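Written out below as structure tokens is the structure these notes cover.
The values are calculated or read from the model by the stated rules, or taken from the named source; none is laboratory data. Bear in mind the structure is a predicted one, so any value in this text is a computation, not a measurement. Every residue, glycine among them, receives a Cβ derived from its backbone with ideal geometry; neighbour counts consider all protein chains shown. When the accessible area is computed, the model is the full protein with side chains, heavy atoms only, and any ligands, DNA or RNA have been set aside. Shrake-Rupley method; radii C 1.70, N 1.55, O 1.52, S 1.80 Å.
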Amino acid sequence: MRRAYIETYGCQMNVADSALMTHVLEDAGFKVTEDVNEASLILLNTCAIRERAEERVTARLQQLGQLKRIRPDLVLGVTGCMPKHLGKELLDRLPKVDLFIGPDSYRHLPSLVEEAALRPTFSLTLGDEDYSDLDPVSIEGIHAFVPIMRGCDRFCTFCVVPLTRGREKSLPLADVVRQVRGAAEHGVRAVTLLGQTVNSYHHDEDRFRDLLSEVSEVEGILRVRFTSPHPVEFEEDVFALMAERPNLCAHIHLPVQSGSTRILESMKRGHSREEFLALVDRIRTHLPDVGLTTDIIVGYPGETDADFEATLSLVREVQFDSAFMFRYSPRSGTYAYRKLRDEEVPDAVSAERLESLIAEQERISLQRYRRWEGRHVEVLVETVSRRNPLNSVGKSDDGKTVILPGTPEPGTMVSVPIARATSHTLIAEGVQEREAAPDPAPVESIEV
Ligand code: SAH
Ligand code: SF4
Ligand code: F3S
């Protein structure tokens, strides 16, 4: 039997897409393995969001290309956003790669692999593929990622996603509900609904609120989250529904990108600083204990010290529970790359801004996490801790990682008293000492 190995980079949508590719390959008689050394097909499912993401994959593909010297039959492929972004130019850069597949071609993977054994093969066109019939759900333990829409129509000036993923398309509501039901029958207790602007979901008459409502009624589903919503796409009734239904988690990842209205306008985000703050107020009126997290870019072209100060003051005002923070990375094909090159901020300046933003957010995160010390938290247990098998790891309703003592069955809900907090973790009373080592900062924020 032919063996295939898939390595995944980028966002949760890519995690779901890798699961989809696994199904497609298994249906065609492949066995998907976790051991790269026994595979005759190697696929890297890639991201193009920042330059660093592409550099990592390029280095990895060069390394894997060396394997062909000892295994001439090996087919090496690159899938997802990076081949779509760079197109045929990638073959010049990576002559050992046989297969270049964009996000809308996974259905045809088996025949493309056959062709790639003979000649370099490209399948990069985008269409209206939504894979709804293939149940593109990625299950790990008691949790599943469930794509509900694909693509993006917003064209923020810095962002490559509309170019790599194409136009927005939502899955039929009945298909999503069927997939969630199927996952629940496999023991899934928590789902995260996925989309680039997940709250703009609309299919026929069905809106995001309708979908949330139906998913929350699926038997066995204890927790429902979604990522990432866009600030301008929220309809008010969504928050009321979240407040009403205990299994709709009070956790919203709400990317803000900048605290300066001038920069938000230049980015074409569609809202001002004040409108974002007003949205946060409305959310907290409905959901007082909501966990709010965000994405922020520093060093966007034209960003002055005053603009950056506005971002710092926004994070102080909002008090996000945590944030992914990035240095702006110019992406070919985007508006900012074509039109704003002259206004790019020097690397040293954006590096310094990133550092001070991370330091500020770390202080805020610690305060936000410490609010839970001495209180009880409802935790959905996910797995045994990798660092200490006497402890378990789970999540609070508002999206925080919780370490707790003992090994309750994954998928059960427990109430634990919080003894102490770091800026990334809540630690329950009775947790074994070894677990208490300091947590690393989120990888995403550091490596760019
Ligand atoms: N669809 C999501 C974002 C997907 S990309 C949304 O709109 O909220 C995830 C994050 O990567 C973005 O929120 C943004 O903060 C960051 N990002 C996107 N393009 C970037 C670029 N060119 N440079 C640096 N960060 C970028
Ligand atoms: Fe990119 Fe903006 Fe679309 Fe998010 S909403 S994927 S940042 S273009
Ligand atoms: Fe990256 Fe594509 Fe996701 S660019 S962030 S893998 S949509």
### Query
If you take the alpha carbon radius of gyration of the chain and divide it by 2.2 N^0.38 Å, what ratio comes out, to two decimals?
0.99
### Summary
Per DSSP, the loop-located GluC sites (Glu not before Pro) within segment 114-217 having at most 16 other beta carbons within 10 Å are Glu205, Glu217
### Query
Taking Cα centroids, how far is segment 210-274 from segment 13-74 in Å?
33 Å
### Query
From the square roots a ≥ b ≥ c of the eigenvalues of the alpha-carbon gyration tensor of segment 178-231, which class results: rounded (a/c under 1.5), prolate (a/b over b/c), or oblate?
prolate
### Query
Which loop-located trypsin sites (Lys or Arg not before Pro) does segment 142-243 contain, where loop means any DSSP state but H, G, I, E or B and the Cβ has at most 14 other Cβ atoms within 10 Å?
Arg167
### Task
Could you pull out the pairs from Lys31/Lys84; Lys88/Lys169; Lys31/Lys400 whose alpha carbons sit more than 28 Å apart here?
Lys31/Lys400
### Message
Can you classify segment 107-167 as rounded, prolate or oblate using the Cα gyration tensor, where a ≥ b ≥ c are the square roots of its eigenvalues, rounded means a/c under 1.5, and otherwise it's prolate if a/b beats b/c and oblate if not?
### Response
oblate
#### Entry: Extreme residue, positive dipole direction of the chain, given options Val416, Val191, Gly333 (C-beta unit charges)
Gly333
### Message
Among Val24, Val215, Val349, which one shows the highest mean-square fluctuation when the chain is modelled as a Gaussian network with alpha-carbon springs under 10 Å?
### Response
Val349
### Query
Out of Asn37, Pro103, Val232, whose Cα points farthest toward the positive end of the dipole of the chain (charges: +1 Lys, Arg; -1 Asp, Glu; placed on Cβ)?
Asn37
### Task
Could you do me a favour and compute the accessible area per residue for segment 3-123, 1.4 Å probe, result in Å²?
43 Å²
### Query
Do the sum for the chain: with -39,500 (n - 2.57) for every DSSP H run of n ≥ 4, divided by all residues, what is the mean residue ellipticity at 222 nm, to the nearest 500 deg cm²/dmol?
-10500 deg cm²/dmol
### Task
Whenever you get a sec, compute what percent of the accessible area on segment 3-123 sits on carbon and sulfur atoms (1.4 Å probe).
47 percent
### Query
Where a Cα-Cα gap under 20 Å defines reach, which lysines qualify for Lys268, not counting those fewer than 8 residues away within the same chain?
Lys339
## Note on the structure
Mean-square fluctuation maximum in Gaussian network of the chain, Cα pairs under 10 Å, restricted to Val384, Val188, Val256, hits Val384
### Message
Give me the percent relative contact order of the chain, please, defined on Cα pairs under 8 angstrom at least 6 residues apart.
### Response
10 percent
### Query
Most mobile of Ser365, Ser216, Ser332 per a Gaussian network model of the chain (Cα springs, under 10 Å)?
Ser332
